[in-house]
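**Student:** Could you have a look at this structure, given as structure tokens, before my questions?
The values are calculated or read from the model by the stated rules, or taken from the named source; none is laboratory data. Bear in mind the structure is a predicted one, so any value in this text is a computation, not a measurement. In this analysis, Cβ positions are derived from the backbone assuming ideal geometry, glycine residues included, and neighbour counts consider all displayed protein chains.
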Amino acid sequence: MPKFLDSHPTNPDMPAEVVEGIKQKLMAGKPDQFGVVGLNMFVAKDRTYCYAEAPDAQAVHKSHEAMGLKLGPGDVMEVRSLL
């Protein structure tokens, strides 16, 4: 399945229970309703980067929209691992 990296602004006010829910979802490794499987998430001060498997970039957009995050053009790119 293709892999994607997306980025969006970091939410500095995210409650601890929401962060824990995201961690649990990543660890479960199950696809959401759009077929997106979160593989990892990298959080910096101003940007968050999500690494996922998905059928296509549109699925990544829809998955984020379902969580209240609208990704713009160029925020999602297909990537491949060298390992």
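**Student:** For region 4-29, enumerate the residues that are among the basic types (K, R) and either surrounded by 13 or more Cβ atoms within 10 Å (Cβ to Cβ) or closer than 15 Å to S63 by Cβ (or both).
**Tutor:** Correct list: K25 only.
**Student:** Against the definition (free of Cβ contacts under 8 Å to residues at least 12 places away in the same chain and assigned to a strand (DSSP E or B)), how does F4 come out, yes or no?
**Tutor:** no
**Student:** Provide a single number: the residues in region 1-24 that are among the small types (G, A, S) and more than 13 Å from the chain's Cα centre (by Cα).
**Tutor:** Going through region 1-24 one residue at a time, the tally reaches 2.
**Student:** Moving on. Could you list all residues from region 36-77 that are of a type in the set (D, E) and touching a strand residue (DSSP E or B) at 6+ places or on another chain (Cβ under 8 Å)?
**Tutor:** Hits for region 36-77 are D46, E53, D75.
**Student:** Still on this model: Please indicate, with yes or no, whether at least one residue in region 14-30 is touching a Ser or Thr at 6+ places or on another chain (Cβ under 9 Å) and either modelled with pLDDT under 95 or hydrophobic (A, V, I, L, M, F, W, C) (or both).
**Tutor:** Checked region 14-30: no residue is touching a Ser or Thr at 6+ places or on another chain (Cβ under 9 Å) and either modelled with pLDDT under 95 or hydrophobic (A, V, I, L, M, F, W, C) (or both).
**Student:** Scanning region 31-45 for residues that are surrounded by 10 or more Cβ atoms within 10 Å (Cβ to Cβ) and not aliphatic (A, V, I, L, M), which turns out nearest to the chain's Cα centre (by Cα)?
**Tutor:** Ranking the qualifying residues of region 31-45, first place goes to G38.
**Student:** Step by step: first the residues of region 72-83, then only those that are closer than 14 Å to H8 by Cβ and at pLDDT 95 or above, then the one that is surrounded by the most Cβ atoms within 10 Å (Cβ to Cβ). Which residue is that?
**Tutor:** Only one residue tops the list, namely V76.
**Student:** Kindly state which strands (runs of 3 or more DSSP E) lie completely within region 31-83 and contain at least 1 residues that are under 11 Å from S7 (Cα atoms), free of Cβ contacts under 8 Å to residues at least 60 places away in the same chain and among the hydrophobic types (A, V, I, L, M, F, W, C).
**Tutor:** Output list reads 37-43, 47-53.
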